[in-house]
Amino acid sequence: MKNRDLYSYIQALIDVNDLKGVRFAYAVIKNKKKIEEEIILLEEVIKPNILFEEYEKKRVSLCEVHAEKDEHNKPVIIMDEYKLVDLDKFNEELDLLKNEYKEVVDERIRQINEYNKLLDEDIIIDFIKINFNELPDNITAKQLENINFMVEMD
């Protein structure tokens, strides 16, 4: 499995969290803990430094200044993007900001690239397995397919 699979595996375990069965619940809890530990390490790697956070706040502020405003004088956001009034002026000011924080932005790009490579690396986790016969009766086919990494099919 790859590091990127951790996110779908944790979601699969969250999706079966309410199913009954002592051994099943134990396996789910233990496997969630193992996956969460790995995810914490991954997220620590991608955490931006303080200077990048400062840059990002200024960039968002710049977006808000140049955004169209609604009737409550709030920036208009469409599909997670600010609706900008004067794109040329915005880009001009954004370029100045990027130049001011060039090293920080470049470092963040390197960090993201490293993180993406890390997501494609193989990882081995010794999952707690549960026998197929010990699965809850009300598990769905989709749920079973999603947690097959922890099911022994005897």
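The values are calculated or read from the model by the stated rules, or taken from the named source; none is laboratory data. Note that this is a predicted model, so its numbers are computed, not measured. Note: ideal-geometry Cβ built from the backbone for every residue, glycine included; neighbour counts use all protein chains shown.
Considering only the range 35-83, state which residues are in contact (Cβ under 8 Å) with a residue 12 or more places away in the chain, closer than 30 Å to Tyr9 by Cβ and part of a helix (DSSP H, G or I). Across the range 35-83, the qualifying residues are Ile35, Glu36, Glu38, Ile39, Leu42, Val45, Ile46, Phe52. So, in the range 118-142, how many residues would count as being touching a helix residue (DSSP H, G or I) at 6+ places or on another chain (Cβ under 9 Å) and closer than 26 Å to Glu43 by Cβ? Total meeting the criteria: 7. Filtered by the rule that a residue be loosely packed, with under 13 Cβ neighbours inside 10 Å and part of a helix (DSSP H, G or I), the range 9-28 gives Gln11, Ile14, Val22, Arg23, Tyr26. Counting the residues of the range 43-92 that are surrounded by 15 or more Cβ atoms within 10 Å (Cβ to Cβ) and acidic (Asp, Glu) gives 1. Would you mind finding the one in Glu107, Glu152, Glu92 that is among the acidic types (Asp, Glu), modelled with pLDDT under 95 and out of contact with any Leu (no Cβ under 8 Å at 6 or more places or on another chain)? Exactly one residue qualifies, and that residue is Glu152.
On the stretch given as the range 102-134, residues that are touching a residue at least 24 places away in the same chain (Cβ under 8 Å), under 14 Å from Asn3 (Cα atoms) and either among the aromatic types (Phe, Trp, Tyr) or assigned to a helix (DSSP H, G or I) (or both) total 4.
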